[in-house]
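Okay, so here's the structure we're looking at.
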Amino acid sequence: MSIAVFASGSGSNFQTLVERSRMEDWPEPVSLLICDKPGAKVLERAEKLGVPSASFAPKEYPGKADYERDVLHLLRLHRIKWIVLAGYMRLIGPVLLEAYAGRIVNIHPSLLPAFPGKDAIRQAYEYPVKVSGVTVHFVDEGMDTGPIIAQVPVAITEDDTLESFAEKIHQAEHSLYPDVVYQLITGKIRPPVPLSASEK
Ligand code: GAR
């Protein structure tokens, strides 16, 4: 059993997860990348890292359920146990939520419930708040909602530009996310819903 990362963009979190999982010899490795944006940079990273990837174009499906059924088929072929969202800019629908109840996590670049949705780093910088941060949470049907697992604060200082603040956020993400995913796969963090016997 292993981990699939879902990503839509650059893939820096994906790369960090793969590197940490290899460095620390995780019992469940990152063995698949699912990308919903053909041509995204994350696909290049997967190739360089030697992680199998699949690129989907959800717009070509009649609806979300059809798209997710195809994704689910692939996840089952690869014996995927955990779905780790890393910059996957799409809501998860009932097909995947039911199949992976309690086994989908997401990272978001703010202290949720503040600044959900797109462009959270800019939203916090322009508000302006003094402290924002990073949140990892279990995924439900909402946008950046679901039970919070871990949060770290990141200060916005007087001399921060949007770029320097974004860099601090990404550093915090790259440190926090692999820690949380490791704790999840080793049972130190318990999913918020019971797993069925075949999934334990
Ligand atoms: C990350 O900052 C992640 O927290 C954010 O997308 C970025 C992806 O960066 N996710 C969200 O905003 C989810 N609502 P990456 O592609 O370099 O990992």
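Please treat every number below as a calculation from the coordinates, not as lab data. Keep in mind that this is a model prediction, so the values were computed, not measured. For neighbour counting, all protein chains shown are included, and Cβ atoms are generated from backbone atoms with ideal geometry for every residue, glycine included.
Dividing the convex hull volume of the Cα atoms of region 1-110 by its residue count, what figure in Å³ per residue is obtained?
Cα convex hull per residue, to the nearest whole number: 101 Å³.
How large is the Kirkwood hydrodynamic radius of region 120-191, counting all unique pairs of alpha carbons, in Å?
13.3 Å
Quick one: length gained pulling residue 129 to residue 44 fully straight, 0.36 nm per residue minus the C-alpha distance?
Here the answer is 27.1 nm.
Within the set of other residues whose C-beta is less than 10 Å from the C-beta of residue 178, count the net charge using Lys and Arg as +1 and Asp and Glu as -1.
Combined, the nearby Lys, Arg, Asp and Glu give -3.
Tell me the angle of helix 64-77 to the major Cα principal axis of the chain, expressed in degrees between 0 and 90 and rounded to the nearest ten.
Helix 64-77 sits roughly 70 degrees off the main axis of the chain.
Among DSSP bridges having both ends in region 2-199, what percentage is antiparallel? Round to the nearest 5.
Details: 11 of 27 bridges.
Beta bridges within region 2-199, antiparallel portion: roughly 40 percent.
Using the eigenvalues of the Cα gyration tensor, what equivalent ellipsoid semi-axes result for the chain when each is taken as the square root of five times the eigenvalue, whole Å, largest first?
Here the semi-axes work out to 26, 18, 17 Å.
State, as an integer percentage, the relative contact order of region 1-151 based on alpha-carbon contacts under 8 Å between residues 6 or more apart.
Once divided by the residue count of region 1-151, the mean separation gives 22 percent.
Give the angle, between 0 and 90 degrees and rounded to the nearest 10, that separates the Cα long axis of helix 162-185 from the longest principal axis of the Cα atoms of the chain.
Orientation of helix 162-185: about 40 degrees from the principal axis.
Between residue 55 and residue 157, what is the FRET efficiency for a Förster distance of 45 Å, r being their Cβ-Cβ separation, to the nearest 0.05? Kindly include the intermediate steps, with their values, before the conclusion.
Working: r = 39 Å, r/R0 = 0.87.
Calculated value: 0.70.
Using the Cα centre as the reference, give the magnitude of the dipole from point charges on the C-beta atoms of the chain (Lys, Arg: +1; Asp, Glu: -1; all else neutral), rounded to the nearest 20 debye.
Working: 21 positive and 25 negative charges, 115 e Å.
Using only the charged Cβ atoms, the result is roughly 560 debye.
Net charge within 10 Å of residue 80 by Cβ-Cβ distance, Lys/Arg positive one each and Asp/Glu negative one each, not counting residue 80 itself?
Net charge around residue 80: +3.
Over 21 Å between C-alpha atoms is what I'm after, so list which of 48/118; 81/188; 37/118 land there. List each step's numbers first, then the result.
Numbers: 48/118 28 Å; 81/188 16 Å; 37/118 16 Å.
The pairs that break the limit, which is 21 Å between Cα atoms, are 48/118.
Can you give the extra length, in nm with one decimal, that the chain gains between residue 119 and residue 90 once fully stretched, where that is 0.36 nm per residue apart less the Cα-Cα distance?
In short, 9.1 nm is gained.
How much net charge surrounds residue 33 when only the other residues with a Cβ under 13 Å from the Cβ of residue 33 are counted, with Lys and Arg +1 and Asp and Glu -1?
+1
Mind checking which of 152, 181, 18 has the largest fluctuation in a GNM of the chain, springs on alpha carbons under 10 Å?
Residue with maximal mean-square fluctuation among 152, 181, 18: 152.
Can you compute the helix-only [θ] at 222 nm over the chain? Use -39500 (n - 2.57) per DSSP H run of at least 4 residues, normalise by all residues, nearest 500 deg cm²/dmol.
Calculated from helices alone, the mean residue ellipticity at 222 nm is -11000 deg cm²/dmol.
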